[in-house]
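Chemist: Below you'll find the structure I mean.
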There are 2 protein chains.
Amino acid sequence: MESIKHRYSRQRETILQVLRGTLEHPNADWIYNKTRRIIPNISLGTVYRNLSQLVESGRIIRIKDDAVIRYDANIKHHDHFRCTSCGRWYDIEILDNTVIESFNKKHKFHIEAFNLELEGVCEICL
Amino acid sequence: MESIKHRYSRQRETILQVLRGTLEHPNADWIYNKTRRIIPNISLGTVYRNLSQLVESGRIIRIKDDAVIRYDANIKHHDHFRCTSCGRWYDIEILDNTVIESFNKKHKFHIEAFNLELEGVCEICL
DNA sequence: TAAATAACAGTAACTATTACTATTAGCTTG
DNA sequence: CAAGCTAATAGTAATAGTTACTGTTATTTA
Ligand SMILES: [Mn+2]
Ligand SMILES: [Mn+2]
Ligand SMILES: [Zn+2]
Ligand SMILES: [Zn+2]
């Protein structure tokens, strides 16, 4: 992290400032439109390229990496562990209601659903 | 759940059997190719439509609903709560290392990353 | 058996993202 | 401070995953 050497560019710095100025967790298009108010002729491709570089250099993070929808015939609630080495998916159980209840005590939110995904190397691959 | 009335179709039943026969957590394309071995001229649109109907009727679930990548300038590890009413994203802290350690004791996996996402109605909207 | 319409195959359209290309601009070295 | 190297850019084309449309087929009901 933070080790990749990039030349300065006004576009990249502006994109970073735009993202730092919001709590929206926006997507590329939202960032594109905000940034266009500062650099009107910036290209959408530039936004995508710089967002990727900013992730690469650890200055921002990306949420929901996997753009593909996956399906599961196991319909009882469960969590997932995905092995980055072999790609296997494992059904696991970590979160129970105690976690949720402790959350409910701190915040006054009404939880409808929760999803936990772990990533790492599985026993077979180790 | 299970209340929507659908006519029988060989395509839908085959898709369901294909998904029930694997632990792959496959995407639509994988399911399409497997199902084509049984119904060679099935259409990809049919696969998508039936997967959606099966989700609707609660016979399967979908993982990673949101196909859009979102970005966050808050790079310290944190979880998210998203309000289904107003769309706001909240940075939260639920998972700590005790959860991970207890997982490590049960399974011999090496965890590299984990991501928790909660969904519900926030305090403002309640 | 016939009418009503859900579901189908095939295809077109759409959306988010990535790749390509000629031009511009940040950095390094003399 | 040029000159040259090449990363980064704007603009556009291409790709991937998904959804929408359309005329035909098949399931259900009476
Ligand atoms: Mn599963
Ligand atoms: Mn966040
Ligand atoms: Zn593995
Ligand atoms: Zn809300």
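The values are calculated or read from the model by the stated rules, or taken from the named source; none is laboratory data. What you see is a predicted model; the values in this text were computed from it and never measured. Here the Cβ positions follow ideal geometry from the backbone for every residue, glycine too, while neighbour counts run over all protein chains shown. Accessible surface is based on the protein model in full, side chains and every heavy atom, while ligands, DNA and RNA are left aside. Shrake-Rupley method; radii C 1.70, N 1.55, O 1.52, S 1.80 Å.
Chemist: Please report, ordered by residue number, every helix of chain A (full DSSP H runs) that is 20 Å or longer along its axis going by C-alpha atoms and whose mean Kyte-Doolittle hydropathy reaches 1.0.
Modeler: none
Chemist: Along its principal axes, what span do the Cα atoms of chain A show, with the longest given first and each in whole Å?
Modeler: Here the Cα extents, ordered largest to smallest, are 49, 42, 27 Å.
Chemist: Here's a follow-up. Take every residue in peptide B:103-113, count the Cβ atoms of other chains within 10 Å of its Cβ, and give the average of those counts. Write out the running numbers ahead of the final one.
Modeler: Values: counts 7, 1, 0, 3, 8, 5, 13, 9, 5, 6, 7.
What the average comes to for B:103-113 is 6.
Chemist: Near residue B:64, which lysines are there with a Cα under 30 Å away, not counting those fewer than 8 places off in the same chain?
Modeler: Qualifying lysines at Cα under 30 Å: A:34, A:64, A:76, A:105, A:106, A:108, B:5, B:34, B:76, B:105, B:106, B:108.
Chemist: So what's the back-of-envelope 222 nm ellipticity for chain A, counting only DSSP H runs of four-plus at -39500 (n - 2.57) apiece and dividing by all residues, rounded to 500?
Modeler: Per the formula, -10500 deg cm²/dmol.
Chemist: For the range A:79-120, what does the alpha-carbon gyration tensor say about shape, rounded, prolate or oblate, given a ≥ b ≥ c as the root eigenvalues, a/c under 1.5 as rounded, and a/b over b/c as prolate? Before the final figure, lay out each step's value.
Modeler: On the way: a/c = 3.49, a/b = 3.17, b/c = 1.10.
It is prolate, given that a/c is not under 1.5 and a/b is the larger ratio.
Chemist: If you don't mind, another one. Trypsin sites (Lys or Arg not before Pro) within the range B:42-90: which are DSSP loop residues with at most 15 other Cβ atoms inside 10 Å?
Modeler: Listed in order of number, the matching sites are B:76, B:88.
Chemist: Using the alpha carbon gyration tensor of the range B:50-105, what are the three equivalent-ellipsoid semi-axes (square root of 5 times each eigenvalue), largest first, in whole Å?
Modeler: Details: eigenvalues 150, 78, 24 Å².
For the range B:50-105, the ellipsoid semi-axes come out as 27, 20, 11 Å.
Chemist: With the label 7 angstrom out along Cα to Cβ, how close does residue A:6 come to the same site in each of the other copies, in nm, nearest first?
Modeler: 4.4
Chemist: Provide the FRET efficiency to the nearest 0.05 for the residue B:52-residue A:7 pair, computing r from the beta carbons and using R0 = 35 Å.
Modeler: Taking R0 as 35 Å, the efficiency between residue B:52 and residue A:7 is 0.15.
Chemist: Kindly state, to the nearest 0.05, the FRET efficiency for residue A:74 paired with residue B:76, given R0 = 35 Å and r defined as their beta-carbon distance.
Modeler: With R0 = 35 Å, the Cβ-Cβ based efficiency is 0.60.
Chemist: For Cα pairs less than 8 Å apart in space and 6+ apart in sequence, what is the mean separation divided by the residue count of the range B:10-72, i.e. the relative contact order in percent?
Modeler: With pairs under 8 Å counted, the relative contact order is 31 percent.
Chemist: Determine the total buried accessible area between chain A and chain B, counting protein heavy atoms only with a 1.4 Å probe; round to the nearest 100 Å². Walk me through the intermediate numbers first.
Modeler: On the way: alone 10140 and 10120 Å², together 14560 Å².
The contact between B and A buries close to 5700 Å².
Chemist: Let me ask something additional. Roughly speaking, what % of Cα-Cα pairs in the protein assembly as shown are separated by over 27 Å, rounded to a whole number?
Modeler: Here the long-distance tail beyond 27 Å is 49 percent of all Cα pairs in the protein assembly as shown.
Chemist: How big, on average over all directions, is the shadow cast by the Cα convex hull of the range B:10-72, in nm²?
Modeler: One quarter of the hull surface, i.e. the mean projection, equals 4.9 nm².
Chemist: In addition: Hey, for a label at residue B:27 modelled as a point 7 Å past Cα toward Cβ, could you say which residues of the range A:53-87 have their backbone N under 13 Å away?
Modeler: The answer is A:65-71.
Chemist: Tell me, what is the percent relative contact order of chain B, built from C-alpha pairs under 8 Å that lie six or more residues apart?
Modeler: On the way: 98 pairs, mean separation 26.0, N = 126.
That works out to 21 percent.
Chemist: Which value, in Å² and to the nearest 10, is the accessible area of residue A:30 when all protein chains are kept and the probe is 1.4 Å?
Modeler: 70 Å²
Chemist: Something else now. Please give the length that would be gained between residue A:100 and residue A:44 if that part of the chain were fully extended, namely 0.36 nm times their separation in residues minus their C-alpha to C-alpha distance (nm, one decimal). Could the numbers behind the result be given before it?
Modeler: On the way: separation 56, 0.36 × 56 = 20.16 nm, distance 3.95 nm.
Length difference between fully extended and current span is 16.2 nm.
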